[in-house]
Amino acid sequence: MTDNAVIVTGACGGIGSALTHAFRDAGYCVIATDLKEKQSHVHSDLFLQIDLQRVWEDQSYSEQVFLSLFEAIGNMELKCFINNAAVQFVVPIERVRRAQIRESFAVNVFAPFLLAQTFIDKLSETNGTIINIGSIHSTQTKPNFSIYAMSKSALDGITRSLAIECGSRVRVLGIAPGAISTPMLEDGFKINPQARADLNKFQPMGRIGSPSEVADLAVFLASTKASYMNGSVVRCDGGISASLRDPS
């Protein structure tokens, strides 16, 4: 087993599992976490089933989780922590519920902050990197995504503020994916294949992205080749964020 470790939250999702593949291929020991039980497509050396909402809301539980993660790291060097886990509610503003806001911010914002706070000293020992997987929705969104957009904007704020506070010890970076071909996205278009085809046409590159393209970017950002990058939120969206569309 390698001496360099990475922790990936939300490892059972499309981008999360791609992260486990890419970092393992890059020679890391992958410590993966998710609310779900480990799936066959997750390539990790160690796996912990963790409820991030409970990490925020239950201090006793969070302390147990942190202890388990430190035990998983053991004598290895923690080189990278990736806050990838997220929840997304797609609802009109009139139907947004407090419980949905609470869960979104607990998982998408507050738990990543607590995890960064907890592991900053361990990452400082290796001049490591925190990578927050955000979203294009932090800057460009659409109807019914209000909670998700708010939470991802807040995650970008964490990236910038921690980069300033911890930049001499730990680099903190974000990735803002656009439309990515995850199982969740593809399942949403099963009943409307024409809309799925239109989604490709709408992209400047004529297609949406793949989870592996996000994961490969994360491996680069965690490497010494990106050693002067800090506080950046890197768009991985095929150019859609630069596109201005007028009625045709």
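Coordinate-derived values only; no laboratory data. These numbers come from a predicted model, not from an experiment. Note that we place each Cβ from the backbone using ideal geometry, even for glycine, and neighbour counts take in every protein chain shown.
Does anyone have the angle between helix 146-166 and the longest principal axis of the chain? Alpha-carbon axes, 0 to 90°, nearest 10? With both axes taken from Cα atoms, the answer is about 40 degrees. Counting every other Cβ atom within 10 Å of each residue's Cβ, R235, R245, R207 order from fewest to most as R245, R207, R235.
Need one number: the % of Cα-Cα pairs in the range 1-88 sitting beyond the 17 Å mark. Result for the distance tail: 43 percent.
Per DSSP helix of 4 or more residues, -39500 (n - 2.57); summed, then divided by the residues of the chain. What does that give at 222 nm, rounded to the nearest 500? Value at 222 nm, helices only, nearest 500: -13000 deg cm²/dmol. Between 0 and 90 degrees, the angle of helix 193-202 with respect to the longest Cα principal axis of the chain falls at about 80 degrees.
As a ratio to 2.2 N^0.38 Å, the alpha-carbon radius of gyration computed for the range 57-109 takes the value 1.58. Whole-percent P(r), the range 72-144, all Cα pairs, 10 Å bins from 0: 17, 40, 25, 14, 4, 0. In this Cβ point-charge picture (+1 for Lys and Arg, -1 for Asp and Glu), the range 115-209 has a dipole of about 240 debye about its Cα centre. Of the residues H41, H137, H21, the one that moves most in a GNM of the chain with alpha-carbon contacts below 10 Å is H41.
Can you grab the distance from the C-alpha centre of the range 200-248 to the C-alpha centre of the range 118-137, Å, no decimals? Centre-to-centre (Cα) distance: 19 Å. For the range 3-118, the relative contact order is 29 percent, taking Cα pairs closer than 8 Å that sit 6 or more residues apart in sequence and dividing their mean separation by the residue count.
Each Cα pair under 8 Å and six or more residues apart adds its separation to the average, and for the chain the resulting relative contact order is 19 percent.
Note on the chain: dipole from Cβ charges, positive end direction compared against Y28, I101, S243; the farthest Cα belongs to S243. Here K201 is the anchor, and the aspartates and glutamates within straight C-alpha reach of less than 18 Å, apart from those fewer than 8 places off in the same chain, are E186, D237, D246. Among the trypsin sites (Lys or Arg not before Pro) found in the range 38-126, those both in a DSSP coil and sparsely packed, with 13 or fewer other Cβ atoms within 10 Å of their Cβ, are R97. With the charge dipole of the range 143-248 set up from +1 on Lys and Arg Cβ and -1 on Asp and Glu Cβ about the Cα centre, the Cα lying farthest toward the positive end among the listed residues V172, A149, S210 is that of V172. Between the helical axis of 211-222 and the dominant principal axis of the chain, each derived from Cα atoms, what acute angle in degrees is found, rounded to the nearest 10? Approximately 40 degrees, to the nearest ten.
Diffusion of the chain by Stokes-Einstein, at 20 °C in a medium of 1.002 mPa s and with Rh set to the Kirkwood radius over alpha-carbon pairs, works out to 116 µm²/s.
Only aspartates and glutamates eight or more places from K38 in sequence, or on another chain, were considered; those with a Cα closer than 18 Å are D51. Listed by chain and number, the aspartates and glutamates whose alpha-carbon sits under 19 Å from that of K190, ignoring those within fewer than 8 places in the same chain, are D198. Among the GluC sites (Glu not before Pro) found in the range 57-141, those both in a DSSP coil and sparsely packed, with 16 or fewer other Cβ atoms within 10 Å of their Cβ, are E125.
Value of Rg to Rh for the range 5-48, rounded to two decimals, is 0.90; Kirkwood radius and Rg both from alpha-carbon coordinates.
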